[in-house]
1. Going by the conditions given, is VAL98 out of contact with any Leu (no Cβ under 9 Å at 6 or more places or on another chain) and hydrophobic (A, V, I, L, M, F, W, C)?
2. Could you please give the count of residues in segment 32-55 that are crowded, with 24+ Cβ neighbours inside 10 Å and of a type in the set (A, V, I, L, M, F, W, C)?
3. Can you say whether ASP64 is of a type in the set (Asp, Glu) and under 19 Å from the mean Cα position of the chain (by Cα), as far as the supplied structure shows?
4. Being touching a residue at least 24 places away in the same chain (Cβ under 8 Å) and more than 15 Å from ALA94 (Cα to Cα) narrows it down to one residue among SER3, SER40; which is it?
5. Would you mind listing the strands (runs of 3 or more DSSP E) fully within segment 189-296 where at least 1 residues are touching an Asp or Glu at 6+ places or on another chain (Cβ under 8 Å)?
6. Name the residues in segment 46-72 that are touching an Asp or Glu at 6+ places or on another chain (Cβ under 8 Å), part of a helix (DSSP H, G or I) and either closer than 16 Å to SER91 by Cβ or of a type outside the set (D, E, K, R) (or both), would you?
7. Could you list, ordered by first residue, the pairs with Cβ atoms under 9 Å in which the first is in segment 230-244 and at positive phi and the second is part of a strand (DSSP E or B) and of a type in the set (Gly, Ala, Ser), at least 6 apart or interchain?
Amino acid sequence: MSSVIGFGALNLDKIYRVDKIPRADEEGFVKDLQLFPGGSAANTIVGLSRLGIKSAYIGKVGDDAEGRILLEDLEKERVETKAVVRTSGRSGTAVILVDDMGNRAILVDPGVNDTIRYEEIDLDFATKFSLIHLTSFICKNGFDSFNSQKRIVENFEFVSFDPGLPYAERGKKEMIQILRRTNVFLPNKLEIEKMFGVDYKSAADECISMGIEVVAVKLGKEGCWIKSKDKELRVPARSVKVIDTTGAGDAFNAGFLYGYLNRKDLETCGKIGNYVASLCIQQVGARSGLPYSVDF
């Protein structure tokens, strides 16, 4: 395997550095504002492209300035955009509040992201890639994109899946069609426990029993825990100064999948994932810290 196509939302991240993340009826103030192209699967695909993996993307953007920025950035990162649908309407955006400790809160406006239909996807182009990497859609504006993901996985031999909280909260039953086609499952601890309703180790056992080859559970500052049919191991995180955790999980995915695509052992995959995530969180934005090489 030597190529990956991502399928998920495309959002322009508007990152506000704030004095604090307000709770209900509280106020804070903005210290700085920066704009970054984002979207969970897109961040991972950019990370893989920088590491030399042939990459492409399936998504949808509107005919607005945000859409142009998103497309131009993918093309600059050598990610093929033939399967990105252009349409009228509003492109996706994410308002991200980040405090001085690197904590964050996110509000997503999905725009046209949720509306990509299976019939719009260039399957002849998409299926030239070895692995498809899926992440969640908000599904505020309908279920077209989610239904398209459920259908498209039938066309791929290798599937990686990071459910994000939007899909995790919908539960295992709604995700079963994708899970049964998944080879590499990449949730964080909260997501896998919400999806399966049990602790993450029991949930991983259930994943393996349904045919998933590898489950890599992201544990934040504690690193990751990896489960396969024959192995179970924990890989500790690197200790670094946290500036912004936006995209940390996506960066981990890029590193882990890079190792997987290059047939590294699971411990090395975890180490690469943790390393790429550690670089990400030392800079503002989901892609600023993504490396162009790793030495493992």
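1. Considered against the rule, which asks whether it is out of contact with any Leu (no Cβ under 9 Å at 6 or more places or on another chain) and hydrophobic (A, V, I, L, M, F, W, C), VAL98 comes out as yes.
2. 5
3. Spelling it out, it is not the case that ASP64 is of a type in the set (Asp, Glu) and under 19 Å from the mean Cα position of the chain (by Cα).
4. From the options SER3, SER40, the qualifying one is SER3.
5. 224-228, 232-235
6. Result: VAL46, GLY47, SER49.
7. Once the first residue is at positive phi and sits in segment 230-244, no partner that is part of a strand (DSSP E or B) and of a type in the set (Gly, Ala, Ser) comes close enough.
This table checks each residue for (1) under 20 Å from ALA9 (Cα atoms); (2) modelled with pLDDT under 95; (3) touching a strand residue (DSSP E or B) at 6+ places or on another chain (Cβ under 8 Å); (4) buried (at least 20 other Cβ atoms within 10 Å of the Cβ).
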{"residue": "ARG151", "(1), (2), (3), (4)": "yes, no, no, no"}
{"residue": "SER160", "(1), (2), (3), (4)": "yes, no, yes, yes"}
{"residue": "GLU169", "(1), (2), (3), (4)": "yes, no, no, no"}
{"residue": "MET175", "(1), (2), (3), (4)": "yes, no, no, yes"}
{"residue": "PRO187", "(1), (2), (3), (4)": "yes, no, yes, yes"}
{"residue": "LEU190", "(1), (2), (3), (4)": "no, no, no, no"}
{"residue": "LYS201", "(1), (2), (3), (4)": "no, no, yes, no"}
{"residue": "ALA204", "(1), (2), (3), (4)": "no, no, yes, yes"}
{"residue": "GLU213", "(1), (2), (3), (4)": "no, no, yes, no"}
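The values are calculated or read from the model by the stated rules, or taken from the named source; none is laboratory data. All figures in this text were calculated on a predicted structure; none of them were measured in a lab. Counting neighbours? That spans all protein chains shown, and the Cβs are built from the backbone with ideal geometry, glycine included.
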